[in-house]
Amino acid sequence: MRYLPLNDADRATMLERIGVENIDALFCDVPAEARLDGPVELPIHKSEMQVERDMQAMAGQNMTAGSAPFFCGAGAYRHHVPATVDHIIQRSEFLTSYTPYQPEITQGTLQYLFEFQSQVAELTGMEVANASMYDGSTAAGEAVLMAHRVTRRNHAVVSGRVHPQYVDVIANLSDMGGFGLTHIPPTVQGAEDLLSSVDENTSCVVVQNPDFFGSVNDYTELAEAVHARGALLVVVVTEAVSLGVLKTPGTMGADIVVGEGQSLGNGLNFGGPYVGLFAAREKFLRQMPGRLCGETVDADGKRGFVLTLSTREQHIRRDKATSNICTNSGLCSLAFSAHLSLLGGNGLQHLAWLNHEQAVDLAGRLGSIDGVKPINDTFFNEFTVELPQPADTVVEALAARGVLGGVPVSRLIPDGGFENYLLVAATETCAPEDMAAYAAALEEVLS
Amino acid sequence: MSEKTTFTGHRGLELREDLIFEIGAHDRSGVDLAPLRGTPDRLGGIIREAVDLPGLAEPEAMRHYVRLSQKNHAIDMGLYPLGSCTMKHNPRLNEKMARLPGFADIHPLQPASTVQGALRLMDELAHWLKTLTGMPEVALSPKAGAHGELCGMMAIRAAIEARGEIERRTRVLVPESAHGTNPATAALLGFSVDGIPAGDDGRVDLEAFRDKLGDDVAAIMLTNPNTCGLFERDIIAIADAVHEAGGYFYCDGANFNAIVGRVRPGDLGIDAMHINLHKTFSTPHGGGGPGAGPTVLSERLAAFAPLPRVVAGKSGLELVEHGDQTEGRPFGRMVAFHGQMGMFVRALAYMMSHGADGLRQVADDAVLNANYILAELSGTMTSPYSGPCMHEALFDDTFLKDTGVETLDFAKAMIDEGYHPMTMYFPLVVHGAMLIEPTETESKASLDLFIATLRDLVASATAGDTERFTTAPQLAPTKRLDETRAARQPVLRYGSTEKKQVRAAE
């Protein structure tokens, strides 16, 4: 077996040194009735070449985004990731290192985490950010729990325009933790009444920007009203590139900002691994979940970085911890940070505008097709269109024509009367001919 | 030791590296983008000012990160014996497979008809995990070990609720030696945590455990092999007792690598167990994630498995994403989308490479290597419990008594010898604990040098050479770091101290 260095001679010598007859003797504490006397019923070992062949057969059954005009979003976006990023995250010293528990020999990881935190704080317009969460949805769940701790209240109000699966994650955590939740019924756009659900038990109001249906919102007034009622404003961002052009949640008055960082540095990967962003006002620092990296000095007074404020965390506080999180999304946060370092502030801003122009272009093209109605007044790189027939069958018909044409709203909200609504995203990766092909295919499907 | 200073601050191949904020500029970039066309915007005026973030040209970025990388220890460089963390070799085939466009470049919400291969991979992984654990159901979506714990405990909570006993069953039993995530998880779900004391043999004290049982107990959360590196001999009796009391058995599967192919948790009476794909099945730890924590469930809990689920439908494999599309009673959803696909690919490639025969050999060699260390160091270091151990060897600090050297110092001295230290001060029930997990991917020569090094360190400590320890590390990229200062005056982002001063001046 190519991954196992011991040979039978080694094994025999080692057993002798240990002073046992055979390997079974080392498993003597396993109850006899539970010991397996041979391999389980699964195939035996395979060569690298064979495994590669089997894997390629499975991979080959999927229609890849790169092989088709591609317009899917809804919380996962296809952006161009520079080749440098993938090289960097495959460096052995990053890839095969553990959580930096021994800071003297993990300064590489710690310094990029510090840089990541600084970048996320600046991007979101917040004072502090942590070293990442699993993904955007779990970060949103943790944000609500944090709001409960900060305010000592136990009820959250969630906008109907937060990503439905994020809402499911929040609702599941709330249910299981014995907390209350009001979810406003989803509506595509127009004024949404969140405040009438806010009362003295409300810890936070959760909104998304751009929202699930693509619209761009300014939550400044909402933040003021929420604060006046003693609650916090949690802003969810599922498309990190939007932060390059939109007014920041921090400027709007958000107390906690959570996001999905996949768009920078990380591929689609069929939904994971991704990287959760988590930023907050500094005064709530000690209620934050997750790892935090901080600056300090070594015995010679030289700058260095360590994991810090761990008295919030499970390995110290156990059942009193702010969260049960242990692993975060280290390598994905490196990809995020490296991509953002390559872009720079101006580069990110440019990329964001480019995305927006692409979406405006696409909305114009689709809107000119008979029966297709773009809904949004404002949007960033994703918008909703109303079709004259159910979106799921249209998407299937488009796929049959080699176009991945977006995400039917009904896939995520099956019963709400959204059958004819389709979410469409355009990024810098869409070529003009992709858009033309999409428009032509859609016209054909609808005719 | 010579403390030669240099003009640049570099020391030969050890190159110092400033922060991106100190070397980059917001108008510099390593990405070429198409020019803007000046299309009228649809942003409604909700626009930010400049983005104050540094950019680097590609060569600068490459140097920055390569220099940083060289300040890390990694499993590819040497032994990384962190107990309970399972730092084993990460095969590069798995990286290559995860990057096949057919897995890496597909969207989670594409029509199922366009991702049949991805669903097949998930289904295949589920089959391997269920077969290896002898359990009927697996939830693939949890994102890490602690998230898998949460999944298992949520399934238990849902099952108790379905029985109408949620008001009554509020107590979860957790051994004092458990990972911190266990009590934290139980508390997150509103359970109270009741500690079970360890017996003299480092295992659950069966009588003390039985005394704790009652009709208010929801579950026991037990790690097996446990955090002392020992197999819980009474595990079947523990399972029977908790079931008899109407509770469930959650097993922390962090240490499954010790028994994979040798024991099926399903045969031990376990109801739920998470599997760290980044431990047992070699997906890279990546400096702290991403992990993956698929959670296997017993017949008693299978119906409560969360969404989504992969099922065989009329036209191939389908994803069940909503509760009313299944006859089960899914407790809800743990994540957006379907889980850590990239990790699923890597783990399955690892399993297929080893096969049923190789995975059993993995457990055998992991246990053999740990016992070899335990045996070879038995006259040198002190163990709180007698062996054999499973995949990791636990020592206490008795052997350092009166030397003036503490576990922390001992660990830091290992850094100067080129090793990443073992897990320290965990489990909490053992004084000055040192938990060594070599894994199956170390050769005998590697273990022999490690053993000889530890013997040499112990000889120094005993001989009174405390300086080798208390001033260590001397040869790492930094000297010992001041963690107290970091916590007392938190600086968590670049420029925060300057900004604070400005604010104070205003």
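The values are calculated or read from the model by the stated rules, or taken from the named source; none is laboratory data. Note that the coordinates shown come from a computational prediction; the quantities given were computed from them, not determined experimentally. Methodologically, a virtual Cβ is constructed for each residue, glycine included, from the backbone with ideal geometry; neighbour enumeration extends over all protein chains shown.
Among residues of the range A:349-362 that are crowded, with 24+ Cβ neighbours inside 10 Å, those with a Cβ under 9 angstrom from a residue that is part of a helix (DSSP H, G or I) and of a type in the set (Ser, Thr, Tyr), sequence gap 6+ or separate chain, pair up as A:Ala352/A:Ser242; A:Asn355/A:Ser242; A:His356/A:Ser242; A:Leu362/A:Tyr438. Assessment of the range B:273-284 against the conditions (touching a strand residue (DSSP E or B) at 6+ places or on another chain (Cβ under 6 Å) and of a type outside the set (S, T, N, Q)) yields at least one matching residue.
One line per residue, one yes/no per condition, for (1) facing chain A (nearest Cβ under 7 Å); (2) within 24 Å of A:Glu52 (Cα to Cα):
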| site | (1), (2) |
| --- | --- |
| B:Arg360 | yes, yes |
| B:Leu368 | yes, no |
| B:Ser386 | no, no |
| B:Leu394 | no, no |
| B:Thr403 | no, no |
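All of (1) more than 7 Å from every other protein chain (Cβ to nearest Cβ); (2) buried (at least 24 other Cβ atoms within 10 Å of the Cβ); (3) in a loop (DSSP other than H, G, I, E, B) hold for B:Ala155 with one exception: (3). Those strands (runs of 3 or more DSSP E) of the range A:145-214 in which 2 or more residues are surrounded by fewer than 23 Cβ atoms within 10 Å (Cβ to Cβ) occupy A:180-183.
Each row is one residue, and each column tells you yes or no for (1) touching a Leu at 6+ places or on another chain (Cβ under 8 Å); (2) over 30 Å from A:Arg11 (Cβ atoms); (3) part of a helix (DSSP H, G or I).
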| site | (1), (2), (3) |
| --- | --- |
| B:Asp324 | no, yes, yes |
| B:Arg329 | no, yes, no |
| B:His338 | yes, yes, no |
| B:Ala356 | yes, no, yes |
| B:Gln361 | yes, no, yes |
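Considered as a group, the residues in the range B:115-138 that are in a loop (DSSP other than H, G, I, E, B) and surrounded by fewer than 21 Cβ atoms within 10 Å (Cβ to Cβ) include one that is nearest to the other protein chains (Cβ to nearest Cβ), and that residue is B:Gly134.
Can you confirm whether A:Val257 is at pLDDT 95 or above, surrounded by 24 or more Cβ atoms within 10 Å (Cβ to Cβ) and more than 8 Å from every other protein chain (Cβ to nearest Cβ)? Criteria met by A:Val257. Taking the range B:263-296 as the range and being facing another protein chain (nearest Cβ under 7 Å) and in a strand (DSSP E or B) as the test, only B:Val263 passes.
Filtering the range A:303-338 down to residues that are small (Gly, Ala, Ser) and either more than 17 Å from the chain's Cα centre (by Cα) or within 7 Å of chain B (Cβ to nearest Cβ) (or both), which residue is surrounded by the most Cβ atoms within 10 Å (Cβ to Cβ)?
A:Ser329
Restricting attention to the range A:212-239, the residues that are among the aromatic types (Phe, Trp, Tyr) and either free of Cβ contacts under 8 Å to residues at least 60 places away in the same chain or not assigned by TED's automatic domain parsing to the domain that holds A:Leu277 (or both) total 1.
Residues checked against (1) surrounded by 15 or more Cβ atoms within 10 Å (Cβ to Cβ); (2) more than 7 Å from every other protein chain (Cβ to nearest Cβ); (3) in contact with a Leu (Cβ under 7 Å, 6 or more places away or on another chain):
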{"site": "A:Met1", "(1), (2), (3)": "yes, no, no"}
{"site": "A:Phe27", "(1), (2), (3)": "yes, no, no"}
{"site": "A:Val51", "(1), (2), (3)": "yes, no, yes"}
{"site": "A:Asp54", "(1), (2), (3)": "yes, no, no"}
{"site": "A:Tyr77", "(1), (2), (3)": "yes, yes, no"}
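Filtered by the rule that a residue be in contact with a Pro (Cβ under 6 Å, 6 or more places away or on another chain) and within 27 Å of B:Glu244 (Cα to Cα), the range B:271-303 gives B:Met273, B:Ile275, B:Thr295, B:Glu299, B:Ala302.
Within the range B:421-428, the presence of at least one residue that is on the phi > 0 side of the Ramachandran plot and either more than 13 Å from chain A (Cβ to nearest Cβ) or surrounded by fewer than 20 Cβ atoms within 10 Å (Cβ to Cβ) (or both) is confirmed. Filtered by the rule that a residue be surrounded by 24 or more Cβ atoms within 10 Å (Cβ to Cβ) and among the aliphatic types (A, V, I, L, M), the range A:217-240 gives A:Val226, A:Ala231, A:Leu232, A:Leu233, A:Val234, A:Val235, A:Val236, A:Val237, A:Ala240. A:Ala74 meets each of the listed conditions (1) at negative phi; (2) in contact with an Asp or Glu (Cβ under 9 Å, 6 or more places away or on another chain) apart from (1). Restricting attention to the range B:350-402, the residues being farther than 30 Å from B:Leu125 by Cβ, crowded, with 22+ Cβ neighbours inside 10 Å and aromatic (Phe, Trp, Tyr) number 2.
Condition check for A:Ile369 on (1) within 18 Å of the chain's Cα centre (by Cα); (2) part of a loop (DSSP other than H, G, I, E, B): one failure, at (1). When the range B:105-114 is filtered for residues that are without any contact (Cβ under 8 Å) to a residue 12 or more places away in the chain and surrounded by 23 or more Cβ atoms within 10 Å (Cβ to Cβ), the ones remaining, listed by number, are B:His107, B:Gln110. B:His322 meets each of the listed conditions (1) in contact (Cβ under 8 Å) with a residue 60 or more places away in the chain; (2) facing chain A (nearest Cβ under 8 Å) apart from (1).
Restricting attention to the range B:405-422, the residues that are under 15 Å from B:Ala459 (Cβ atoms) and assigned to a loop (DSSP other than H, G, I, E, B) total 2.
When the residues of the range B:253-278 are narrowed to those that are of a type in the set (D, E, K, R) and touching a helix residue (DSSP H, G or I) at 6+ places or on another chain (Cβ under 6 Å), which ends up surrounded by the most Cβ atoms within 10 Å (Cβ to Cβ)? So, considering only residues that are of a type in the set (D, E, K, R) and touching a helix residue (DSSP H, G or I) at 6+ places or on another chain (Cβ under 6 Å), the one surrounded by the most Cβ atoms within 10 Å (Cβ to Cβ) is B:Arg262.
B:Ser141 meets the stated requirement of being buried (at least 24 other Cβ atoms within 10 Å of the Cβ), in contact (Cβ under 8 Å) with a residue 40 or more places away in the chain, more than 28 Å from A:Ala34 (Cα to Cα) and of a type in the set (S, T, N, Q). Of all residues in the range A:412-428, at least one satisfies being in a helix (DSSP H, G or I), closer than 30 Å to A:Val81 by Cα and either out of contact with any helix residue (DSSP H, G or I) (no Cβ under 9 Å at 6 or more places or on another chain) or not basic (Lys, Arg) (or both). Scanning the range B:196-250 for residues that are in a helix (DSSP H, G or I) and either surrounded by fewer than 18 Cβ atoms within 10 Å (Cβ to Cβ) or of a type in the set (D, E, K, R) (or both) yields B:Leu206, B:Glu207, B:Ala208, B:Arg210, B:Asp211, B:Lys212, B:Ile236, B:Ala237, B:Asp240, B:His243, B:Glu244. The set of residues from the range A:174-192 being more than 14 Å from chain B (Cβ to nearest Cβ) and among the polar types (S, T, N, Q) comprises A:Thr182, A:Thr187. Apart from one condition, A:Asp300 fits all of (1) under 30 Å from B:Thr471 (Cβ atoms); (2) more than 9 Å from chain B (Cβ to nearest Cβ); the exception is (2).
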